[in-house]
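Here is the structure we will look at.
FYI, it's all coordinate maths here, none of it is from the lab. Source: prediction; values computed, not measured. With ideal geometry, Cβ positions are generated from the backbone for all residues, glycine too; neighbour counts draw on all protein chains shown.
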Amino acid sequence: MKSHRRQIIRAIVSASALGVLPLAGAGRVLAALAGTSPIIAAAASLRYALQETAAAFETGTGLTLRLNFGSSGNLSRQIRQGAPFELFLSADEEYAFGLERDGFTAGEGALYALGQLVIFAPGQSPLRVDPELSGLGAALARGDIQRFAIANPDHAPYGRAAREALMRAGLWEAMRPRLVLGENISQAAQFAVSGSSEGGMIARSLAVAPRFSGRGRFETVSGALHRPLRQRMVLTKGAGKTARAFYAFLRGPAARKVFLANGFAEPGAE
């Protein structure tokens, strides 16, 4: 019966793509057949990698997902406030551990990737990018840095890592009045490549994405300058079969290959 249902779903998707069945009509039929698709809450650094992974999962299973991206801190807060997310992929495992300690998840979950922070300079920016941030210090001393983008460190893990790196490089106090804060790392990346700033510190997963690649120069920030970005996923209590199946898929080799190709490192590569 389940196999038959998946075949029907695939047929409807194909018919809709060919224009045989109107998209709105296809949506109503799919909703009736497949039920409500689970909402997956994910850190903004995962936007492109997770879209690719979810597409592979949906093609292989006939099941559908809804992806919701944001900063890990904000998504964690929404879960605490009752948001109906069934799976949470955080860019900082501490948010996942906190939810587990307070009884919001079905266990402590699993590491799925190690994030990488990069320093990015767009177009004609005078900023020299390097792992130790010495080029940023030199540009700052020359007066070449007026605006510099990072994610808000209060709730975005990549912003927290950027703040740590600037502090350890001895640049934080001088940089503070020049910082442009993105609500999440995706917004910070938009600020960094827009040309309205001299650069920024963003996720490597976004720097290599088609939307941003080729629009500037970047180097991975030395891991000695910030704590590892250990990215953990957890199922929330009450997660259904589709979310659990996707969770299992994300732990497999196909998903791992996508994460590596999209700028993440293997867990344990600190």
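What the table shows:
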| item | result |
| --- | --- |
| Span per principal axis, largest first, for the Cα atoms of the chain (Å) | 68, 45, 32 |
| Positive-end residue, the chain charge dipole about Cα centroid, Cβ charges, pick of A207, Y112, A54 | A54 |
| Relative contact order %, the chain, counting alpha carbon pairs below 8 Å whose residues are six or more apart | 26 |
| The chain: calculated mean residue ellipticity at 222 nm from DSSP helix runs of at least 4, using -39500 (n - 2.57) | -13000 deg cm²/dmol |
| Antiparallel content of DSSP bridges confined to the chain, in %, to 5 | 60 |
| N68-E108 pseudo-label distance in nm [points 7 Å out on the Cα-to-Cβ vector] | 2.7 |
| Pair K237, S213: separation of 7 Å Cα→Cβ label points (nm) | 4.3 |
| R128-T61 FRET efficiency (beta carbon distance; Förster radius 51 Å; 0.05 resolution) | 0.60 |
| Shape of the stretch 115-225, Cα gyration tensor, a/c cut at 1.5 | rounded |
| Segments 124-132, 65-73, 186-194 sorted - mean Cβ within 10 Å per residue, highest first | 186-194, 65-73, 124-132 |
| Peptides ranked, highest mean first, by Cβ atoms within 10 Å: ranges 139-149, 89-99 | 89-99, 139-149 |
| Net charge of neighbours whose Cβ lies under 12 Å from the Cβ of A96, counting Lys and Arg as +1 and Asp and Glu as -1 | -3 |
| Pairwise FRET efficiency - A141 versus R244, Cβ, R0 = 51 Å, nearest 0.05 | 0.45 |
| Residue-span extension gain [L260 to R178] - 0.36 nm each, minus C-alpha spacing | 26.3 nm |
